[in-house]
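What follows is a single structure, written as structure tokens, with notes after it.
Please treat every number below as a calculation from the coordinates, not as lab data. As the structure is a prediction and not an experimental result, all values here were calculated from the model. All Cβ positions, even for glycine, are placed from backbone atoms using ideal geometry, and neighbour counts span all protein chains on display.
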Amino acid sequence: MKILFILPNNNLGGAEQFLRLVANHYGEKHDVTIYYFYKKVEANAWDQLEGANIKKRLFSNKNEKIGFIKFLFHQLKSKKEKYDYIYTSNVFVTGTTGLLLKLGLLNTHKFVGRESTSIFIRYKGLKLKRYKFFYKIGYSKVDLLICQTDLMRNQLVNALPYLQPKTKTISNPIDLKEIMAMSKIDLDKELPEKYIVTAGRLMPIKGFDYLIKAFSLIKEHFPDYKLIILGNGNQESELQHLAKTLQIETDVVFEGYVNNVYPYFKKAELCVVSSILEGFPNVLLQMMSQNNKVVSTLCAGNIENIKGVETCTPSDTNALAKSMEKALNSDTTGNRTLFDTFLKENDIENFVDKVETLS
């Protein structure tokens, strides 16, 4: 089979991690092409996709608009090769890909789109109108539209009922084989003896400010602990200032972006997802694969149904602190069986089987 993945850039947020995971799976046996419009970051996990069947093409080093225009010219000049599947996971890209299919500038047997967040809960005003425009121009060409949770699906079909027949809830996948290999890689640096870890883009919706405040509340009972934050983003200086204000700046470590999060998760005393709103946090599954002590806010649908994860309401410092303290003080050895069972059900092979059956 020939599979095409189209992305706005080579960043590695949740939507991009999903596409990378599926591309890596298909690349073992099929011909995979990955287009991204813009090189947003210099190096990341996309560069590790070096399989013989995987081809990557970057269209611009300047910005996504220029990259998209170059992509259009590429399609105009190409022989309009037919793909068995096209995958996208960004509303703008899904909408424009659908439009290109209408115009005959792309050709595929099946077009699979994935919603990356709950658009009609998260956005309002002009930004929501922009999203609606892209739904209108291209989503009619989607054969299968994946929502990560029932909550995400319900808010979408309530707003856009015409999408209901093609919209299905499929939980996020995880590649257990790749994770096992990456978790065995030793870090070339020394970690604190005891630490709590989190990961994600440093942006307000990830709730890292609540996590830093919650960490300051439990420091009295866990004075030797550090908080490690993996990721980069435009909120970093603000979060650093918050840690300094709370007089815990020496205990909060901003590690920046790392290619391999698993050794950090594996050796931590506790892993925490502090997000305010998510489609579904992929990082939660990654944490569950490595650690028996995991806390997550109820930032997405279905999290409350995952056995063993300690949960709390989003945007609530006290609730998050209590959940963290409870998890740290509890015997969670039984969570290993619970987590492994859940993750096996959501392994990438099972996910792709579902997609190909439903589409």
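At-a-glance table
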read-out: Top positive-direction residue, dipole computed over segment 145-211 with Cβ charges, set Pro173, Ala159, Leu211; value: Ala159
read-out: Rounded tilt (10° steps) of 208-218 against the dominant C-alpha axis of the chain; value: 20
read-out: Packing-based ranking, highest mean first, of 158-164, 66-72, 112-118, 294-300 given that Cβ atoms within 10 Å are counted; value: 294-300, 112-118, 66-72, 158-164
read-out: About the Cα centre, charge dipole magnitude for segment 67-129 (Lys/Arg +1, Asp/Glu -1 at Cβ), debye; value: 200
read-out: Nearby lysines by direct alpha-carbon distance to Lys110 (threshold 17 angstrom, same-chain neighbours under 8 apart not counted); value: Lys2, Lys80, Lys82, Lys102, Lys141, Lys166, Lys168, Lys354
read-out: For the chain: relative contact order, % (alpha-carbon pairs under 8 angstrom, 6 or more apart); value: 14
read-out: Cα→Cβ-extended label distance, 7 Å offset, between Gln240 and Asn260, nm; value: 2.7
read-out: Structure-based [θ]222 nm, the chain - -39500 (n - 2.57) summed over DSSP H runs of at least 4, per residue, nearest 500; value: -12000 deg cm²/dmol
read-out: Loop-resident sites, segment 1-77, for GluC sites (Glu not before Pro), counting at most 15 other Cβ within 10 Å (DSSP); value: Glu28, Glu42, Glu50
read-out: Radius 11 Å from Cβ of Lys326, net charge of other residues (Lys, Arg +1; Asp, Glu -1); value: 0
read-out: Sequence ranges 18-25, 216-223, ranked by mean other-Cβ count within 10 angstrom, highest first; value: 18-25, 216-223
read-out: Simple spin-label estimate for Asp31 and Thr337 in nanometres, 7 Å along Cα-Cβ; value: 4.8
read-out: Label of the coordinate-derived value, volume of the Cα convex hull per residue in Å³, listed as [x] 138; [y] 149; [z] 173; value: [x]
read-out: Nearest-20 debye value, the chain charge dipole, Cβ charges on Lys, Arg, Asp, Glu; value: 2000
read-out: Straight-distance crosslink candidates among lysines, where the alpha carbon sits under 28 Å from Lys226 and sequence neighbours closer than 8 are dropped; value: Lys184, Lys189, Lys194, Lys206, Lys213, Lys244, Lys266, Lys267, Lys293, Lys307, Lys322, Lys326
read-out: For the chain, built as a Gaussian network whose Cα springs stay under 10 Å, the top-fluctuating residue of Met324, Met182, Met288; value: Met182
read-out: Those trypsin sites (Lys or Arg not before Pro) in segment 277-352 that DSSP places in a loop and that have at most 13 other beta carbons within 10 Å; value: Lys307
